[in-house]
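S.K.: This is the structure, below, for whatever I ask next.
Since every read-out is calculated from the coordinates, none of them should be taken as a lab result. Just so we're clear, the structure is a prediction, and the values are computed from it rather than from any experiment. A quick note on method: Cβ atoms are made from the backbone with ideal geometry, for glycine too, and the neighbour counts reach across all protein chains shown.
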Amino acid sequence: MKKRVIVGLSGGVDSSVTAYLLKEQGYEVIGLFMKNWHDDSVTISDDCPWLDDSNDAMLVAEKLGIPFQTVDLSTQYKERIVDYMFNEYEKGRTPNPDVLCNREIKFDVFMKIALDLGADYVATGHYCRKGTLIENGKETYKLLAGKDNNKDQSYFLCQLSQEQLAKAIFPIGELQKPEVRAIAAEADLITADKKDSQGLCFIGKVRLPEFLQQKLKPKQGQIIEIPELFSEYTDTRNNFSSKVEELEYLSRKINYSETDGEIVGTHQGAHYFTKGQRKGLSVGGKVEPLFVIDTDVDTNTIYTGQGKKHPGLYKRALFVTNEELHWVREDLQLLSGGTLEVSARIRYRQALEKATLHKVDAGLYVEFENKQSAITEGQFVAWYLEDELVGSGVIS
């Protein structure tokens, strides 16, 4: 019996080549297109219209001679991704819907549908790889970075579990993007030259303010500029009674008040802005551009600093609570008091940075060797041992 693989065909080149390669390898392949979004009012519609995508996916399936169907997951997508996003922005955090979409939709709702259809595996067009360790007859799965450093998407899969990895296949993880396009062209697939979709997982480019305004109403507030010599930045403590006290200090959130700087403008809602953001502030007349260093959704205030070297943007450490801590490699998780030297990143495409994990009773500190710019609450930190992603968590 051939093994049955269900491919999430998105209408892009990566998933098209995934289906093609699996068919070449002798699997029984079925293509499924996920329809996750109906509301075109907030999408920049030329950029990722789902109708065109589903059509392209269907044409690829036809070309490959594999069965194809569309599944409507818009209800689950709204509940698990969109509502979560609104909720996080409302709290003043910045969510990462792509990481959530992989954990909650592609490798949960979609995977369950695939398994109900008798699939042995689910395949996606992610640039990452899967390894297997066998110890005492027990299989442990490794989530490895894609061979194409420029396209590696392991970060987006940082919340996957052993159960999800067990059923996942990533056929293009060993390839470079140009190789994927060349395979698509050689196989005469309609998606060979199609440009990569941008924006929210499956929705496409969204006008974020309009998207958020559906639920979070505009409300005028003040933009405050904090000077570089603000007292909290110049207070460099180095006498700590314990390592935990030092980590608490390094990861602390500075609580700014409106009297700490000068009013330089107004905005239409603190929850539309995120740390490190430069665009959309509309404040001129400064030597260097302003960057958001913090937002306060309770007082509806945005705190900014001049230039990308502003000390308010940088921190050495961050904290993840136990509730939001996840180990892909459960066998490697730390016990309280344990430490582990890793490489870590706090956003997709960021180069890996040397860091040390410190497990405490309440959660986990990630202490970086170098200060990091715009560590943002609600985003994911992921840590690696060489090219293996072993765990992740939501920055608190």
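S.K.: With a sphere of radius 13 Å drawn around the Cβ of residue 21, what net charge do the other residues whose Cβ falls strictly inside it have (Lys, Arg +1; Asp, Glu -1)? Write down the numbers at each step before the final one.
M.R.: Numbers: positive: 23; negative: 14, 24, 174, 179, 186.
Net local charge, residue 21 excluded: -4.
S.K.: Sticking with this structure for a sec: Order these by the 10 Å Cβ neighbour count, fewest first: 335, 21.
M.R.: Final ranking by Cβ density, sparse to dense: 335, 21.
S.K.: Moving on to the next point. Run the reach check for residue 371 against lysines, Cα to Cα strictly under 22 Å, same-chain hits fewer than 8 apart removed. What comes back?
M.R.: List returned: 243, 253, 275, 308, 309, 315, 354, 359.
S.K.: Sticking with this structure for a sec: Please arrange 132, 140, 321, 376 by counting, for each residue, the other beta carbons lying within 10 Å of its beta carbon, fewest first.
M.R.: Lowest count first: 132, 321, 140, 376.
S.K.: Residue 151: which aspartates and glutamates have alpha carbons under 12 Å from its alpha carbon, excluding same-chain residues fewer than 8 sequence positions away?
M.R.: Once the sequence-local aspartates and glutamates are set aside, what remains near residue 151 is 14, 174, 196.
S.K.: Another question, if that's okay. Based on the mean of other Cβ atoms within 10 Å per residue, sort peptides 30-37, 312-319 so the most packed one is first. Don't skip to the answer; put the middle values down first.
M.R.: Values: 30-37: 22.8, 312-319: 20.9.
The most tightly packed comes first, giving 30-37, 312-319.
S.K.: Would you list which aspartates and glutamates come within 12 Å of residue 286, measuring only between C-alpha atoms, while excluding same-chain residues fewer than 8 positions from it?
M.R.: 225
S.K.: Under the classification rounded if a/c is under 1.5, otherwise prolate if a/b is larger than b/c and oblate if not, where does the stretch 4-213 fall, given a ≥ b ≥ c as square roots of the Cα gyration tensor eigenvalues?
M.R.: Numbers: a/c = 1.58, a/b = 1.19, b/c = 1.33.
Since a/c reaches 1.5 but b/c is at least a/b, the shape of the stretch 4-213 is classed as oblate.
S.K.: Given 0.36 nm per residue, what is the gain on full extension from residue 188 to residue 279 after removing their alpha carbon distance, in nm?
M.R.: The residue 188-residue 279 span can extend by a further 28.7 nm.
S.K.: Need one number: % antiparallel among DSSP beta bridges in the stretch 4-213, to the nearest 5.
M.R.: Values: 10 of 25 bridges.
DSSP beta bridges in the stretch 4-213 are roughly 40 percent antiparallel.
S.K.: Pairs 2/194; 35/147; 106/130: which exceed 25 Å Cα-Cα? Please report the intermediate quantities before stating the final value.
M.R.: Numbers: 2/194 31 Å; 35/147 29 Å; 106/130 16 Å.
Going by Cα-Cα distance, 2/194; 35/147 fall outside the 25 Å limit.
S.K.: Can you give the helix-only mean residue ellipticity at 222 nm for the chain, where every DSSP H stretch with n ≥ 4 adds -39500 (n - 2.57) and the sum goes over all residues, rounded to the nearest 500 deg cm²/dmol? Walk me through the intermediate numbers first.
M.R.: Details: 11 runs with 84 residues, N = 396.
Counting only the DSSP helices, I get -5500 deg cm²/dmol.
S.K.: For residue 215 and residue 235 in the same chain, what is the full-extension length gain: residue separation times 0.36 nm, less their Cα-Cα distance, in nm?
M.R.: Values: separation 20, 0.36 × 20 = 7.20 nm, distance 4.01 nm.
Here the answer is 3.2 nm.
S.K.: Calculated from the structure, Cα extents along the principal axes in Å equals which of (i) 71, 66, 35; (ii) 68, 48, 37; (iii) 69, 53, 34?
M.R.: Working out Cα extents along the principal axes in Å from the coordinates points to (iii).
S.K.: May I ask for the distance between the Cα centers of the stretch 64-96 and the stretch 346-396, given as a whole number of Å?
M.R.: Value for the Cα centre distance between the two parts: 25 Å.
S.K.: I would also like to ask the following. Could you tell me which of 325, 346, 173 has its Cα farthest along the dipole of the chain towards the positive end, charges placed at Cβ (Lys, Arg +1; Asp, Glu -1), taken about the Cα centre?
M.R.: 173
S.K.: Between 7, 74, 162, whose Cα lies farthest towards the positive end of the dipole of the stretch 4-213 when Lys and Arg beta carbons carry +1 and Asp and Glu beta carbons carry -1, centred on the Cα centre?
M.R.: Positive-most Cα among the choices belongs to 162.
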